[in-house]
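Take a look at the structure set out below.
The values are calculated or read from the model by the stated rules, or taken from the named source; none is laboratory data. All values reported here derive from a predicted model rather than from experimental measurement. Heads up, the Cβs are rebuilt from the backbone with ideal geometry, glycines too, and the neighbour counts pull from every protein chain shown.
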Amino acid sequence: MPRIRHIALLVPASGGYSRGVCRGVATFALDRDDWLIFPYERAEFTKLPPWLKKGHIDGIIGFISNPDLGRQITSLGVPIVDVQGEGNCPDFPWIDTDAEVVAGLAEDFFTQAGFAHFAFCGYPGVFFSDRRSDAFTGLVRGKGVEPHVYEPPPRVTTTIRNQFREMRGLEYEPALAAWLARLPKPVAILACNDTRGQQIITACRDLGISMPADVSVMGVDNDEILCRLCRPTLTSIAPDTEGIGILAGRLLNAILEGEAVEPRLYKQPPLRVVERESTDVTTAQNPLVLAASRVIRDRACRGISVEQVCELAGCSRSTLDGLFKKHLGRSIAGEMVRVRLGTAMRLLENTTLTLDEIATACGFQSATYFCRFFKRESGSTPAQYRSAQALR
């Protein structure tokens, strides 16, 4: 019988991100008969819990939030994998969501929506915000566009702990409101995380800025509750938190097995953009494309045809198709597919409607036709998709 390894899991279970990481670690451990997990779920801690110092732990997976905590944990003499991603235990691996892929998803989404102005809003000096800012602004500049970047007052850029103690979704610094008011409109903003996204939404509402028509915002982390409480609801990039947990388990186990594991940042790609109301807009400057896009958004799930869209726009199909491809990068039919698929995904994620009910809501005559459409466009069946989302 293999020797049981005692693994400390120092991950708060209070948020969607950390719960996903915990699920991933648990998934990895379920496939093994030599791992015993000891979770420690306090929201934050700066000193090691007494039980961790007694020498019964073989390895640690945790949110290592600052260098001092990293030194304390390193002094225990056991291998560590940091799933917060800052690298506060530099002798061991650390994992973060891949900022370059986050930037690519956001830039591609906003470009396809027709935006000409791009902005990033984060917390300068905070590791995950700086990574995402550098990746997004670099990508936008590479396309020949100069992005707008928010630089808050110095007091806001101290530490994660201070920021999330002082800054909540209903509170924001006056400088943020002033920056939003100055931005050229319409503008697409990538927020460093969902809390920052909610602050932007709150500030825009207080300023009377139309969302998403003038300001379209996307967060990162896809905190389901937070995103759905925003008005408008917040579009966000979903990280593969379960994948981070599984990767952490693999790296720690490799170290325990005596394998050479490089002490560096390991990047886990995010899953996808989860569309909600805060980006539900087409900003194409061509009036025909704009008008037709609004018709599609309103009626794609009510059975409208491409020909009817063209008729309402007062334009031939060939002309309108050409304009759509020029301004949005896809055909009229492609835009209709995008809207219907997005609606179906939201209903599968956020409701308990049956497949028959979702098929009807998306404009399909039967669940059979709907399932074929969904499988063709997404690569998975509706049931598979719903099950996968329920685990996140």
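Might you check whether a residue that is assigned to a helix (DSSP H, G or I), closer than 25 Å to P93 by Cα and of a type in the set (D, E) occurs anywhere in the stretch 311-320? Checked against the condition, which is being assigned to a helix (DSSP H, G or I), closer than 25 Å to P93 by Cα and of a type in the set (D, E), the stretch 311-320 yields no hits at all. Examine the stretch 157-168 for a residue that is touching a strand residue (DSSP E or B) at 6+ places or on another chain (Cβ under 7 Å) and either at pLDDT below 95 or crowded, with 19+ Cβ neighbours inside 10 Å (or both), and state whether such a residue exists. No, the conditions are met nowhere in the stretch 157-168.
Among the residues making up the stretch 104-147, those that are among the small types (G, A, S), closer than 18 Å to C192 by Cβ and crowded, with 20+ Cβ neighbours inside 10 Å are A106, A119, G122, S129, S133, A135. Scanning the stretch 99-136 for residues that are polar (S, T, N, Q) and touching a helix residue (DSSP H, G or I) at 6+ places or on another chain (Cβ under 7 Å) yields nothing. Taken over the stretch 254-273, the residue count meeting the criterion of being over 14 Å from the mean Cα position of the chain (by Cα) and surrounded by 11 or more Cβ atoms within 10 Å (Cβ to Cβ) is 9. Within the stretch 24-77, being part of a loop (DSSP other than H, G, I, E, B), under 26 Å from G243 (Cβ atoms) and in contact with a strand residue (DSSP E or B) (Cβ under 7 Å, 6 or more places away or on another chain) holds for D34, Y40, I57, D58, F63, I64. The residues of the stretch 355-392 that are over 30 Å from D221 (Cβ atoms) and part of a loop (DSSP other than H, G, I, E, B), listed by number, are G363, F364, Q365, S366.
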